[in-house]
1. When the accessible area of the chain is computed with all protein chains present and a 1.4 Å probe, what percentage of it is carbon and sulfur?
2. Let me check against my output: what whole-number percent is the relative contact order of the chain, with C-alpha pairs under 8 Å and at least 6 apart?
3. Estimate the FRET efficiency between LEU286 and THR74 by the formula 1/(1 + (r/R0)^6), using the beta-carbon distance for r and 51 Å for R0, to the nearest 0.05.
4. Calculate, in whole percent, how much of the Cα-Cα pair population of the stretch 174-250 lies beyond 20 Å.
5. For the chain, report the accessible area per residue in Å² (1.4 Å probe, heavy atoms, rounded to an integer).
6. Can you give the local net charge around VAL21? Use residues other than it whose beta-carbon is closer than 13 angstrom to its beta-carbon, Lys and Arg +1, Asp and Glu -1.
7. Any chance you could tell me what percent of the C-alpha pair distances in the stretch 139-291 go past 27 Å?
8. Please figure out what share of the DSSP beta bridges in the chain is antiparallel and state it in percent, rounded to the nearest 5.
Amino acid sequence: MAKVTHLRYVGISVPAFEQEVGFYSGIWGLQLVEKDKDIAFLAAEGSPEHYILRVRAGPDKRLDVVGFGAADRTAVDWLAEELAEAGVKLVAEPARLQTPGGGYGFRFFDCDGRVVEVSSDVEPGPYREIQPEEGIPVKLSHVVLNSPDVERTKAFYEQMLGFRLSDWLLDIMCFLRCNPEHHCLAIIRGPYPSLNHVSFEMRGLDEFMRGAGRLMRRGYRLIWGPGRHGAGNNTFAYFLDPNANVCEYTTELERIYDEENYQPRIWSMIPEEVDRWGTANTDPMLYNYMSNSPDRGLWTPPPV
Ligand SMILES: [Fe+2]
(Lines give C-alpha, C1' and ligand atoms only; values in the text may rest on other atoms or scores of the structure.)
Protein backbone atom coordinates (compact mmCIF):
# COMPACT_ATOMS: atom_id res chain seq x y z
CA MET A 1 0.00 0.00 0.00
CA ALA A 2 1.04 3.53 -0.63
CA LYS A 3 2.64 5.29 2.32
CA VAL A 4 1.26 8.62 1.20
CA THR A 5 -2.40 9.50 0.72
CA HIS A 6 -2.37 12.15 -2.00
CA LEU A 7 -0.52 14.97 -3.72
CA ARG A 8 -0.87 18.05 -1.53
CA TYR A 9 1.01 20.79 -3.34
CA VAL A 10 3.80 21.77 -5.68
CA GLY A 11 6.29 24.50 -4.77
CA ILE A 12 8.24 26.36 -7.44
CA SER A 13 10.78 29.15 -7.42
CA VAL A 14 10.75 31.68 -10.25
CA PRO A 15 12.54 34.92 -11.18
CA ALA A 16 9.36 36.71 -12.31
CA PHE A 17 7.57 36.29 -8.99
CA GLU A 18 4.87 38.95 -9.15
CA GLN A 19 3.84 37.97 -12.67
CA GLU A 20 3.65 34.31 -11.66
CA VAL A 21 1.46 34.99 -8.61
CA GLY A 22 -0.69 37.37 -10.66
CA PHE A 23 -1.20 34.71 -13.32
CA TYR A 24 -2.18 31.88 -10.97
CA SER A 25 -4.33 34.01 -8.67
CA GLY A 26 -5.85 35.82 -11.64
CA ILE A 27 -6.74 34.23 -14.92
CA TRP A 28 -5.78 30.69 -13.88
CA GLY A 29 -8.37 30.81 -11.10
CA LEU A 30 -6.59 30.00 -7.84
CA GLN A 31 -7.10 31.84 -4.54
CA LEU A 32 -4.30 33.67 -2.79
CA VAL A 33 -4.04 32.34 0.78
CA GLU A 34 -0.97 34.17 1.99
CA LYS A 35 1.66 36.33 0.33
CA ASP A 36 4.63 38.38 1.38
CA LYS A 37 7.36 39.91 -0.73
CA ASP A 38 8.96 36.66 -1.78
CA ILE A 39 6.58 33.77 -1.20
CA ALA A 40 2.94 33.10 -1.97
CA PHE A 41 0.58 30.24 -1.18
CA LEU A 42 -2.38 29.56 -3.45
CA ALA A 43 -5.41 27.33 -2.95
CA ALA A 44 -8.06 25.83 -5.21
CA GLU A 45 -11.52 26.96 -4.15
CA GLY A 46 -12.96 23.48 -4.54
CA SER A 47 -10.35 21.75 -2.37
CA PRO A 48 -9.97 21.58 1.42
CA GLU A 49 -6.19 21.53 0.93
CA HIS A 50 -4.78 24.62 2.67
CA TYR A 51 -2.79 25.44 -0.49
CA ILE A 52 -1.96 23.50 -3.65
CA LEU A 53 0.65 25.78 -5.19
CA ARG A 54 3.49 27.65 -3.57
CA VAL A 55 5.44 30.25 -5.51
CA ARG A 56 8.71 31.64 -4.21
CA ALA A 57 10.83 34.46 -5.64
CA GLY A 58 14.33 33.33 -6.54
CA PRO A 59 17.04 34.14 -9.04
CA ASP A 60 16.88 30.61 -10.48
CA LYS A 61 13.97 28.64 -11.82
CA ARG A 62 13.59 25.50 -9.78
CA LEU A 63 11.18 23.02 -8.30
CA ASP A 64 11.28 23.83 -4.58
CA VAL A 65 9.27 20.93 -3.21
CA VAL A 66 6.63 18.35 -4.03
CA GLY A 67 4.31 17.82 -1.04
CA PHE A 68 2.42 14.59 -0.36
CA GLY A 69 -0.03 13.92 2.44
CA ALA A 70 0.26 11.09 4.98
CA ALA A 71 -2.50 9.61 7.13
CA ASP A 72 -1.27 10.86 10.51
CA ARG A 73 1.79 11.75 12.59
CA THR A 74 2.63 8.11 13.18
CA ALA A 75 2.68 7.47 9.43
CA VAL A 76 4.98 10.49 9.00
CA ASP A 77 7.35 9.26 11.73
CA TRP A 78 7.44 5.69 10.40
CA LEU A 79 8.08 6.81 6.87
CA ALA A 80 10.91 9.15 7.94
CA GLU A 81 12.52 6.33 9.87
CA GLU A 82 12.13 3.86 7.01
CA LEU A 83 13.60 6.26 4.46
CA ALA A 84 16.56 7.12 6.68
CA GLU A 85 17.24 3.41 7.18
CA ALA A 86 17.07 2.86 3.42
CA GLY A 87 19.78 5.49 2.99
CA VAL A 88 17.57 8.29 1.70
CA LYS A 89 19.02 11.69 2.58
CA LEU A 90 16.64 13.60 4.85
CA VAL A 91 16.48 17.37 4.47
CA ALA A 92 14.53 17.88 7.71
CA GLU A 93 13.44 15.48 10.46
CA PRO A 94 9.74 15.24 11.32
CA ALA A 95 8.62 18.42 13.09
CA ARG A 96 5.83 20.93 13.21
CA LEU A 97 5.68 22.72 9.86
CA GLN A 98 6.16 26.50 9.84
CA THR A 99 4.17 27.00 6.62
CA PRO A 100 0.51 28.13 6.42
CA GLY A 101 -1.85 25.54 7.89
CA GLY A 102 0.91 24.12 10.08
CA GLY A 103 0.91 20.34 10.27
CA TYR A 104 3.60 17.80 10.93
CA GLY A 105 6.07 16.67 8.32
CA PHE A 106 9.58 16.06 7.05
CA ARG A 107 11.51 16.50 3.84
CA PHE A 108 13.96 14.37 1.90
CA PHE A 109 15.76 14.24 -1.45
CA ASP A 110 14.49 11.85 -4.09
CA CYS A 111 17.03 9.97 -6.25
CA ASP A 112 17.43 12.92 -8.65
CA GLY A 113 17.87 15.47 -5.84
CA ARG A 114 14.38 16.94 -5.79
CA VAL A 115 13.00 17.93 -2.41
CA VAL A 116 9.92 15.97 -1.34
CA GLU A 117 7.79 16.75 1.73
CA VAL A 118 5.43 14.33 3.46
CA SER A 119 3.04 15.81 5.99
CA SER A 120 -0.10 15.22 8.00
CA ASP A 121 -2.48 17.30 10.08
CA VAL A 122 -2.27 20.40 7.92
CA GLU A 123 -5.28 22.52 8.80
CA PRO A 124 -7.89 22.37 6.01
CA GLY A 125 -8.71 25.64 4.31
CA PRO A 126 -12.17 26.97 3.47
CA TYR A 127 -13.65 25.40 0.35
CA ARG A 128 -16.92 25.13 -1.50
CA GLU A 129 -18.52 23.11 -4.23
CA ILE A 130 -17.53 24.52 -7.61
CA GLN A 131 -20.71 25.25 -9.54
CA PRO A 132 -21.66 24.43 -13.15
CA GLU A 133 -19.98 26.74 -15.68
CA GLU A 134 -17.24 27.81 -13.23
CA GLY A 135 -14.03 27.29 -15.18
CA ILE A 136 -11.67 27.37 -12.21
CA PRO A 137 -9.63 24.52 -10.67
CA VAL A 138 -11.37 22.24 -8.18
CA LYS A 139 -8.09 20.77 -6.96
CA LEU A 140 -4.54 19.86 -7.86
CA SER A 141 -4.55 16.85 -10.20
CA HIS A 142 -0.97 15.75 -10.86
CA VAL A 143 2.64 16.71 -11.26
CA VAL A 144 4.89 15.36 -14.01
CA LEU A 145 8.65 15.27 -13.53
CA ASN A 146 11.36 15.01 -16.17
CA SER A 147 14.08 12.54 -15.35
CA PRO A 148 17.00 11.23 -17.40
CA ASP A 149 16.49 7.81 -15.79
CA VAL A 150 12.76 7.02 -15.71
CA GLU A 151 13.18 3.45 -14.42
CA ARG A 152 15.31 4.51 -11.47
CA THR A 153 13.02 7.39 -10.50
CA LYS A 154 9.95 5.14 -10.86
CA ALA A 155 11.59 2.50 -8.64
CA PHE A 156 12.38 5.15 -6.03
CA TYR A 157 8.77 6.30 -5.71
CA GLU A 158 7.47 2.72 -5.77
CA GLN A 159 9.90 1.41 -3.18
CA MET A 160 10.16 4.41 -0.88
CA LEU A 161 6.62 5.81 -0.99
CA GLY A 162 4.63 2.79 -2.14
CA PHE A 163 3.40 4.25 -5.43
CA ARG A 164 1.90 1.78 -7.91
CA LEU A 165 2.28 1.72 -11.67
CA SER A 166 -0.92 2.62 -13.52
CA ASP A 167 0.33 2.74 -17.13
CA TRP A 168 3.33 3.29 -19.37
CA LEU A 169 3.49 5.44 -22.48
CA LEU A 170 5.96 3.35 -24.51
CA ASP A 171 8.97 3.13 -22.22
CA ILE A 172 9.35 6.88 -21.86
CA MET A 173 6.65 7.88 -19.39
CA CYS A 174 5.14 6.09 -16.42
CA PHE A 175 2.01 7.06 -14.52
CA LEU A 176 1.96 6.38 -10.78
CA ARG A 177 -0.84 6.35 -8.23
CA CYS A 178 -1.09 6.39 -4.46
CA ASN A 179 -4.92 6.33 -4.33
CA PRO A 180 -7.68 5.49 -6.85
CA GLU A 181 -6.76 8.44 -9.08
CA HIS A 182 -4.93 7.01 -12.12
CA HIS A 183 -1.93 9.25 -11.47
CA CYS A 184 -0.98 12.14 -9.23
CA LEU A 185 2.64 11.65 -10.25
CA ALA A 186 4.19 10.78 -13.59
CA ILE A 187 7.81 10.49 -14.61
CA ILE A 188 8.89 11.15 -18.17
CA ARG A 189 12.28 10.77 -19.81
CA GLY A 190 13.86 14.16 -20.27
CA PRO A 191 17.34 15.50 -20.93
CA TYR A 192 17.80 16.48 -17.26
CA PRO A 193 15.73 16.54 -14.05
CA SER A 194 13.19 19.34 -14.25
CA LEU A 195 9.52 20.13 -13.85
CA ASN A 196 7.52 18.92 -16.87
CA HIS A 197 4.11 20.29 -15.89
CA VAL A 198 1.58 20.80 -13.11
CA SER A 199 -2.04 19.87 -13.75
CA PHE A 200 -5.22 21.24 -12.20
CA GLU A 201 -8.54 19.41 -12.14
CA MET A 202 -11.69 21.14 -13.34
CA ARG A 203 -15.27 20.28 -12.38
CA GLY A 204 -16.16 18.65 -15.71
CA LEU A 205 -15.86 18.98 -19.48
CA ASP A 206 -17.83 22.20 -19.76
CA GLU A 207 -15.83 23.89 -17.01
CA PHE A 208 -12.59 22.58 -18.52
CA MET A 209 -13.42 24.16 -21.90
CA ARG A 210 -14.57 27.39 -20.28
CA GLY A 211 -11.28 27.67 -18.39
CA ALA A 212 -9.20 26.99 -21.50
CA GLY A 213 -11.31 29.43 -23.52
CA ARG A 214 -10.91 32.17 -20.92
CA LEU A 215 -7.12 31.99 -21.35
CA MET A 216 -7.33 31.83 -25.13
CA ARG A 217 -9.58 34.90 -25.28
CA ARG A 218 -7.00 36.81 -23.29
CA GLY A 219 -4.29 35.82 -25.76
CA TYR A 220 -2.69 32.90 -23.95
CA ARG A 221 -1.55 30.32 -26.46
CA LEU A 222 -2.77 26.78 -26.07
CA ILE A 223 0.47 24.83 -26.60
CA TRP A 224 -1.31 21.43 -26.70
CA GLY A 225 -4.98 20.66 -26.66
CA PRO A 226 -7.83 20.58 -26.18
CA GLY A 227 -7.78 16.81 -26.23
CA ARG A 228 -8.19 13.58 -24.33
CA HIS A 229 -5.19 11.41 -23.42
CA GLY A 230 -5.08 7.63 -23.65
CA ALA A 231 -3.29 6.92 -20.37
CA GLY A 232 -5.57 8.16 -17.59
CA ASN A 233 -8.30 9.03 -20.11
CA ASN A 234 -8.16 12.64 -18.87
CA THR A 235 -8.66 15.71 -20.99
CA PHE A 236 -5.82 18.17 -21.50
CA ALA A 237 -5.25 21.82 -22.30
CA TYR A 238 -1.67 22.98 -21.77
CA PHE A 239 -0.47 26.55 -21.41
CA LEU A 240 2.75 28.32 -20.44
CA ASP A 241 2.85 30.39 -17.25
CA PRO A 242 4.81 33.69 -17.14
CA ASN A 243 8.04 31.86 -16.20
CA ALA A 244 7.62 29.28 -18.98
CA ASN A 245 6.51 26.43 -16.76
CA VAL A 246 3.84 24.29 -18.39
CA CYS A 247 0.46 24.22 -16.63
CA GLU A 248 -2.54 22.10 -17.54
CA TYR A 249 -6.28 22.08 -17.07
CA THR A 250 -7.69 18.56 -16.96
CA THR A 251 -10.83 16.68 -16.02
CA GLU A 252 -12.36 13.20 -15.93
CA LEU A 253 -9.13 11.45 -14.88
CA GLU A 254 -9.68 7.68 -14.66
CA ARG A 255 -10.12 6.14 -11.19
CA ILE A 256 -8.82 2.66 -10.41
CA TYR A 257 -10.93 0.94 -7.77
CA ASP A 258 -10.16 -2.71 -8.46
CA GLU A 259 -6.59 -2.83 -7.14
CA GLU A 260 -6.49 -6.62 -7.22
CA ASN A 261 -7.31 -7.08 -10.87
CA TYR A 262 -5.94 -3.90 -12.40
CA GLN A 263 -3.31 -4.51 -15.07
CA PRO A 264 -1.08 -1.63 -16.21
CA ARG A 265 -1.14 -1.07 -19.95
CA ILE A 266 1.48 0.21 -22.38
CA TRP A 267 0.10 3.00 -24.54
CA SER A 268 1.65 3.82 -27.88
CA MET A 269 2.47 7.23 -29.35
CA ILE A 270 0.02 6.96 -32.24
CA PRO A 271 -2.25 10.03 -32.46
CA GLU A 272 -5.33 7.89 -31.67
CA GLU A 273 -3.87 7.03 -28.25
CA VAL A 274 -2.18 10.29 -27.28
CA ASP A 275 -4.99 12.54 -28.52
CA ARG A 276 -8.04 10.31 -28.57
CA TRP A 277 -10.44 12.96 -29.87
CA GLY A 278 -8.08 14.04 -32.65
CA THR A 279 -8.71 17.68 -31.74
CA ALA A 280 -5.46 18.71 -30.11
CA ASN A 281 -3.44 21.46 -31.66
CA THR A 282 0.26 20.76 -30.99
CA ASP A 283 2.83 23.53 -30.76
CA PRO A 284 6.03 22.52 -32.60
CA MET A 285 8.02 23.64 -29.52
CA LEU A 286 6.00 21.44 -27.13
CA TYR A 287 8.86 19.07 -26.31
CA ASN A 288 11.17 22.00 -25.53
CA TYR A 289 8.54 23.67 -23.34
CA MET A 290 7.95 20.47 -21.42
CA SER A 291 11.67 19.74 -21.05
CA ASN A 292 11.81 23.11 -19.26
CA SER A 293 15.23 24.43 -18.22
CA PRO A 294 17.56 22.34 -16.03
CA ASP A 295 16.40 22.52 -12.42
CA ARG A 296 18.83 24.79 -10.52
CA GLY A 297 17.76 23.51 -7.14
CA LEU A 298 18.77 19.86 -7.16
CA TRP A 299 20.27 18.61 -3.88
CA THR A 300 19.71 22.08 -2.40
CA PRO A 301 16.87 22.59 0.08
CA PRO A 302 14.84 25.74 -0.52
CA PRO A 303 15.15 28.35 2.27
CA VAL A 304 11.49 27.84 3.24
FE1 LIG B 1 -0.83 16.04 -17.42
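The values are calculated or read from the model by the stated rules, or taken from the named source; none is laboratory data. Here the structure is a predicted model, which means the values were calculated and not measured. Quick reminder, even Gly has a Cβ in these numbers, built from the backbone with ideal geometry, and neighbours come from all protein chains shown. For the accessible areas, the whole protein counts, side chains as well, though only heavy atoms, and no ligand, DNA or RNA atoms are used. Shrake-Rupley method; radii C 1.70, N 1.55, O 1.52, S 1.80 Å.
1. Details: 6710 of 12720 Å².
Carbon and sulfur atoms account for 53 percent of the accessible area of the chain.
2. On the way: 776 pairs, mean separation 57.0, N = 304.
Result for the chain is 19 percent.
3. Details: r = 44 Å, r/R0 = 0.85.
About 0.70, to the nearest 0.05.
4. On the way: 987 of 2926 pairs.
Here the long-distance tail beyond 20 Å is 34 percent of all Cα pairs in the stretch 174-250.
5. On the way: 12720 Å² over 304 residues.
Dividing the accessible area of the chain by its residue count gives 42 Å².
6. Details: positive: LYS35, LYS37, ARG54, ARG56; negative: GLU18, GLU20, GLU34, ASP36, ASP38, ASP241.
That sum, taken over residues with Cβ under 13 Å, equals -2.
7. On the way: 2078 of 11628 pairs.
Taking all Cα-Cα pairs of the stretch 139-291, the fraction more than 27 Å apart is 18 percent.
8. Numbers: 51 of 73 bridges.
If I count the DSSP bridges inside the chain, around 70 percent turn out antiparallel.
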